[in-house]
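Each remark here refers to the structure printed beneath this line.
The values are calculated or read from the model by the stated rules, or taken from the named source; none is laboratory data. Keep in mind that this is a model prediction, so the values were computed, not measured. Here Cβ is always computed from backbone atoms with ideal geometry, including for glycine, and neighbour counts include all displayed protein chains. Ligands, DNA and RNA are excluded from the accessible area calculation, which covers all protein heavy atoms including side chains. Shrake-Rupley method; radii C 1.70, N 1.55, O 1.52, S 1.80 Å.
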Amino acid sequence: MTSSTLTRARTRIPSALLVAVGLAAGFGVAQGTGIRVLGGAVFALGGLGAAWLWVERRGWAVALGLGALYVGAFVLAHVLALGVGMASWLAVGLVTLAAAGTTYAVADRA
């Protein structure tokens, strides 16, 4: 394999998938285990993995913007669930769809 083939093979994973896993699985792990820190670790790992791909594909400016979107989605899920009274899974699902869709449009689409 050439180095360009290796680079493409390593970055084929859509960053939107990491965003979705970080948000939804992070919530699921925290909810299922009762250990919020463990869910936070899943959230952080998903975000760091996605950020690495954003920097490589689109540069620091886009990575910082999408990172802010990722953290903002996390905060918004809490506001919707705790402040507005929406069901937790619904709030997480909505922000996950919005964040992953935006990430796909900005960073993953060819």
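Points worth noting:
- In order along the range 75-81, phi translates into HN-Hα couplings of 5, 4, 4, 5, 5, 5, 6 Hz, rounded to whole numbers, per the Karplus curve 6.51 cos²θ - 1.76 cosθ + 1.60 with θ = phi - 60° and x for Gly and Pro.
- Karplus (6.51, -1.76, 1.60) ³J(HN,Hα), θ = phi - 60°, over the range 18-34, in Hz, Gly and Pro reported as x: 5, 5, 5, 5, x, 6, 6, 6, x, 5, x, 5, 4, 5, x, 8, x
- Working note: Karplus 6.51/-1.76/1.60 with θ = phi - 60° gives the range 103-110 the couplings 4, 4, 5, 8, 10, 9, 5, 5 Hz, where Gly and Pro are set to x.
- Relative packing of peptides 13-21, 27-35, 49-57, 64-72 - highest average C-beta neighbours within 10 Å first: 13-21, 49-57, 64-72, 27-35
- Residue-averaged 222 nm ellipticity for the chain, from DSSP H runs of 4+ at -39500 (n - 2.57), nearest 500: -23000 deg cm²/dmol
- Taking all protein chains into account, the per residue accessible area for the chain stands at 59 Å² (1.4 Å probe).
- Dimensions of the chain from C-alpha coordinates, computed as largest minus smallest value along each principal axis and given longest first, are 51, 25, 18 Å.
- Spin-label pair Val79-Arg109: with each label point 7 Å from Cα along the Cα-Cβ axis, the two points sit 2.5 nm from one another.
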